[in-house]
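**Q** Dumping the structure here so I can ask a few things about it.
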Amino acid sequence: MMIRYWKELNSAEQAKLFRRSEIDIEAVSNSVHAIIERVKAEGDEAVLSLTKEFDKVELSAGHLRVSKQEIAEAKQLLKPPVRGAIEHAIRNVKRFHEAQKPETMKVVEVEPGLFVGERATAIESAALYVPRGRGSFPSMLYMLAVPAAIAEVPRIVITTPPGKDGSVDPACLYAAELLGIDEIYRVGGAQAIAALTFGTETIRPVEKIVGPGSMYVTAAKRLLYGTVDVGLPAGPSESILIADETADPELAAKDILVEAEHGSDSSALLITPDSKLAERAAEIIQERIADLPEPRKGFVSDVLDGGYGGIIVTETMDEAVSITNQFAPEHLELMVSDPFSLVGKIRNAGEILLGRNIPFSCANYMAGANAVLPTGGKAKTYSAVSVRDFMKYSSVVWATREGYDCIADDTRNLALYEGFITHAAAVDRRWS
């Protein structure tokens, strides 16, 4: 278990932690660019060929879209406790996100007779990318689909990689059915992002693509930024847990493993000014890793034994907070004596979990707040997926004669100052 003392790390070692798997993403950009160009040129043929190459699944064009029969039968493939958990989670996520839906139009009278507002409308189409390479993620599907459905996006599309037998995870299909979504394609990776951007014979293009994925998916979204709206940057999973001397080392050890088991390119850091807590947590983590099955054991070992994770010991709690704000993690947990006091010092984090009773896993699945969060340090400027991600806003302006008179002269003055002759002329003689 790697324990590092922050003051002993050189600038290069610190920089690597802050960049985490962004380094790996840059390394695959050229190969991803080739995939994008191939799909753009060859359509379904490229998608099918790449699916066979990367997912080891041979499909026909007619089999890319999941049938309504498959969706209807998915429920019967799930045990009642799993169905119940999905239904429970969707209820909570709906309750949280329904409060985010804006009024259709809100208007403010900025001067007598001058009314300015915004009109909110849903985007016309959105694709939800649900990864599968390292497991099945119905939770990812409903975290993306619920706000899109509440926003009333007319066309919601789901893409997810097929299993080895060509099937789509039944829990994902059941969640989609509960939310009324039936346009689902069994395709993943960079080829899915390209197909959704440019369209193929089978898959129509969309206006926006949201959802996390592998470094290949993340690289594809970066390369296609500007061609299609790729939403928030959501790449490999990452977390920071800040703990003080009051934290239970066993709970800290259990919680820091949560995001580490997503994959070897994940990042999971326990940051504490208490060296005794660090040492005890490290011992417990090693014991727990030994009991994990593969591939989770390999993922966690890669992350915590020298990858993009481990334990950092700081000199003070303020230093721990400073590191966290610079890192801007996707997930942040404050396992400290007074988390409500410390949270005021956190400026950059996708989500902030307060205290010992809400581990990362509860927030990922069930709490209700969206668990699709910005990664790679982008929490400095991006927020969690919300209803707002699926809405756009048009400014709306209306004026009475009185409102026009309030602004006409100064409009003319500014237009002439900037040299816009026709701007100024448009203000003249609007009333006989």
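The values are calculated or read from the model by the stated rules, or taken from the named source; none is laboratory data. This structure is a prediction, so every number in the text was calculated from the model and none was measured. Virtual Cβ from ideal backbone geometry, glycine too; neighbours counted across all protein chains shown. All accessible areas refer to the heavy atoms of the entire protein, side chains included, with ligands and DNA or RNA removed. Shrake-Rupley method; radii C 1.70, N 1.55, O 1.52, S 1.80 Å.
**Q** Only one of 277, 270 is part of a strand (DSSP E or B), aliphatic (A, V, I, L, M) and under 30 Å from residue 317 (Cβ atoms); which?
**A** 270
**Q** Ok, one more. So, in the stretch 85-139, of the ones that are polar (S, T, N, Q) and either in contact with a strand residue (DSSP E or B) (Cβ under 8 Å, 6 or more places away or on another chain) or outside any helix (DSSP H, G or I) (or both), which residue ends up modelled with the lowest pLDDT?
**A** Looking at the filtered set, the residue picked out is 136.
**Q** Which one of 98, 152, 111 is more than 18 Å from residue 366 (Cα to Cα), of a type outside the set (Lys, Arg), open to solvent by 50 Å² or more (accessible area, probe 1.4 Å) and within 26 Å of the chain's Cα centre (by Cα)?
**A** Checking each option against the conditions leaves just 152.
**Q** Among the residues of the stretch 213-249 satisfying the criterion of being under 11 Å from the mean Cα position of the chain (by Cα) and over 19 Å from residue 302 (Cβ atoms), which is surrounded by the most Cβ atoms within 10 Å (Cβ to Cβ)?
**A** 234
**Q** Restricting to the stretch 321-355, give me the number of residues that are among the acidic types (Asp, Glu), surrounded by fewer than 18 Cβ atoms within 10 Å (Cβ to Cβ) and within 25 Å of residue 89 (Cα to Cα).
**A** 0
**Q** Moving on. Tell me whether the stretch 112-122 contains one or more residues that are without any contact (Cβ under 8 Å) to a residue 12 or more places away in the chain and farther than 30 Å from residue 48 by Cβ.
**A** Checking the stretch 112-122: not a single residue is without any contact (Cβ under 8 Å) to a residue 12 or more places away in the chain and farther than 30 Å from residue 48 by Cβ.
**Q** Considering only the stretch 301-343, state which residues are closer than 18 Å to residue 6 by Cα, among the acidic types (Asp, Glu) and assigned to a helix (DSSP H, G or I).
**A** Across the stretch 301-343, the qualifying residues are 318, 319.
**Q** Still on this model: Can you tell me how many residues in the stretch 234-267 are more than 23 Å from residue 321 (Cβ to Cβ) and part of a loop (DSSP other than H, G, I, E, B)?
**A** The qualifying residues number 8.
**Q** Here's a follow-up. Would you say residue 259 is over 26 Å from the mean Cα position of the chain (by Cα), acidic (Asp, Glu) and over 18 Å from residue 314 (Cβ atoms)?
**A** In short, no.
**Q** It is to be established whether one or more residues within the stretch 299-316 are out of contact with any Leu (no Cβ under 8 Å at 6 or more places or on another chain), farther than 22 Å from residue 243 by Cα and open to solvent by less than 40 Å² (accessible area, probe 1.4 Å).
**A** Within the stretch 299-316 (the criterion being out of contact with any Leu (no Cβ under 8 Å at 6 or more places or on another chain), farther than 22 Å from residue 243 by Cα and open to solvent by less than 40 Å² (accessible area, probe 1.4 Å)), the answer is yes, since at least one residue qualifies.
**Q** If you don't mind, there's one more thing I want to ask. Within the stretch 356-383, take every residue that is open to solvent by 10 Å² or more (accessible area, probe 1.4 Å) and without any contact (Cβ under 8 Å) to a residue 40 or more places away in the chain and give me the one that is farthest from residue 100 (Cα to Cα).
**A** Step by step, filter the stretch 356-383, then rank; the result is 357.
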